[in-house]
1. Rounding to the nearest 20 debye, state how big the charge dipole of the stretch 1-113 is about its Cα centre with +1 on each Lys and Arg Cβ and -1 on each Asp and Glu Cβ.
2. When all alpha-carbon pairs of the chain are counted, what percent fall beyond 19 Å?
3. Gain in length, ASP150 to SER131, computed as 0.36 nm per residue apart minus the alpha-carbon separation, to one decimal in nm?
4. Evaluate the charge dipole of the stretch 40-99 about its Cα centre and quote only its size in Debye, nearest 20, assuming +1 on the Cβ of each Lys and Arg and -1 on the Cβ of each Asp and Glu.
5. Under the rule of at least 5 residues apart or a separate chain, name every residue whose amide H is placed under 5 Å from the amide H of SER40.
6. Using the 10 angstrom Cβ neighbour count as an exposure proxy, how do SER26, SER142 rank, fewest first?
7. In deg cm²/dmol, rounded to 500, what helix-only [θ] at 222 nm does the chain give when every DSSP H run of at least 4 residues adds -39500 (n - 2.57) and the total is split over its residues?
8. Once you've got the Cα coordinates, tell me which of LYS4/LYS109; LYS109/LYS153; LYS109/LYS137; LYS4/LYS137 are over 26 Å apart.
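Values quoted throughout were computed directly from the atomic coordinates according to the rules given, and no laboratory measurement underlies them. On a predicted model such as this, the values are computed, not experimentally measured, just so you know. So basically every Cβ, Gly included, is an ideal-geometry build from the backbone, and we count neighbours across all protein chains shown.
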Amino acid sequence: MNHKPELITAVRQDFQRWEGLLAGLSEEQALAPLPSSHWSTKGVIAHLWAWQQISIARLEAAVSNEEPQFPEWLAGRDPDAEDNVQKCNESVYQAYRDDPWLSVLEVWKQGPVRFLDLAESIPEQDLLQVSRYAWLKDYPLSAVISNSYDHHKEHFAALLALFS
């Protein structure tokens, strides 16, 4: 996907698929452990929402032309450092494990709206230009959108197989 409209359309369709999948889940289904995992569907949604906060922080930074202000649960860790991923995932799990399913779902639903609003507000050339934002090093801002999309897709396939 090399153009802004393609990216935005793909992300919007992906979130619509997610909403369709999650809309009919009961609390019991959302809390049940997933096969070969200690996570539940609720845990996956909290995980996706938390990492989406990082993407939103980056898009907000692009709009305001400032450094990203990452969520507190990162505790100052670099979200791009490979050795931090498991620590970050554990922090997210601990932060949201006791929250009710519908609360986690409602918070997650707000993320795509903000994410898409921000992405749509950024000029295409700013999205596609490599090294436009120093804090992204050698990547274009569109990589933030693509990575979020890919991350959701990765988890969607597993849940779709379970609930189809």
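1. Details: 9 positive and 17 negative charges, 63 e Å.
It comes to approximately 300 debye.
2. Values: 7407 of 13366 pairs.
It works out to 55 percent of all Cα pairs.
3. On the way: separation 19, 0.36 × 19 = 6.84 nm, distance 2.12 nm.
Between ASP150 and SER131, full extension yields 4.7 nm more.
4. Numbers: 5 positive and 11 negative charges, 51 e Å.
The dipole of the stretch 40-99 has a size of about 240 debye.
5. LEU34
6. On the way: SER26 9, SER142 23.
Starting with the residue having the fewest Cβ neighbours, the order is SER26, SER142.
7. Details: 7 runs with 109 residues, N = 164.
That comes out to -22000 deg cm²/dmol.
8. Details: LYS4/LYS109 22 Å; LYS109/LYS153 16 Å; LYS109/LYS137 30 Å; LYS4/LYS137 20 Å.
Listed pairs above 26 Å: LYS109/LYS137.
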